[in-house]
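Data block below; observations after.
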Amino acid sequence: MSNELSGKRILIVTSNAGVEHDELIVPRDRLRERGAQITHAALEDSEVRTYEHDLEPSETVRPDTTVDSVSADAFDLLVVPGGTVNADTLRTDSAARKLVQSCTENDVPVAAICHGPWLLIEAGAVAGKTLTSYPSLRTDLVNAGAEWVDEQMVRDDAAGWTLITSRKPDDLPAFVDAITARLSE
């Protein structure tokens, strides 16, 4: 176990269903192994159902708290996993949108993967940013004022806050390494 992220506090936000398993579990476990304190907040105080490839049920995970019970200023970085249903549900939740807005206003980095940027669109956080996502979000992101690129990981520090994005579970090693690098600065 490494201590390179010792003392860093990372918040992962999800809905309670449709979360892409690896996009929740891999960052949670790898960043914890590197010394970070991880808090998982879900929309409701109940089990989170994860899936593989949106369709195959996987394990359930117990969150630590709820999204409406956390404050962006208590964390060093926000992670938004994908999963089509997860991201679609998060983007309709006012507490989740306000959390992202608070992060961007207070220079708390945000890391989103796969369909996670849907929440960022609804929070008004992508205009002027260069990012990647699952390819089906390209038009949504471009229409919201972002520049979309098809790369494994993209880091954008424009507009006073850092956004780290990746496309899919295969990109998780680069995604986690980019989060580690940002928090190690």
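Under the condition of being over 13 Å from the mean Cα position of the chain (by Cα) and among the hydroxyl-bearing types (Ser, Thr, Tyr), the residues counted in the stretch 105-133 number 1.
The set of residues from the stretch 165-177 being touching a Cys at 6+ places or on another chain (Cβ under 9 Å) and part of a helix (DSSP H, G or I) comprises Pro169, Asp171. Tell me yes or no: at least one residue of the stretch 18-28 is under 17 Å from Leu163 (Cβ atoms) and in contact (Cβ under 8 Å) with a residue 40 or more places away in the chain. Scanning the stretch 18-28, I find at least one residue that is under 17 Å from Leu163 (Cβ atoms) and in contact (Cβ under 8 Å) with a residue 40 or more places away in the chain, so the answer is yes.
Checked against (1) assigned to a helix (DSSP H, G or I); (2) under 25 Å from Ala36 (Cβ atoms), Val79 passes all but condition (1). Scanning the stretch 135-164 for residues that are in contact with a Cys (Cβ under 9 Å, 6 or more places away or on another chain) and surrounded by 22 or more Cβ atoms within 10 Å (Cβ to Cβ) yields a single hit, Leu137. Is it the case that Thr180 is touching a residue at least 24 places away in the same chain (Cβ under 8 Å), assigned to a strand (DSSP E or B) and polar (S, T, N, Q)? Criteria not met by Thr180.
Only the coordinates and a few stated rules stand behind these numbers; no lab work does. Because the structure is predicted, anything quoted here is derived from the model rather than measured. Cβ atoms come from the backbone with ideal geometry, glycine included; neighbour counts cover every protein chain shown.
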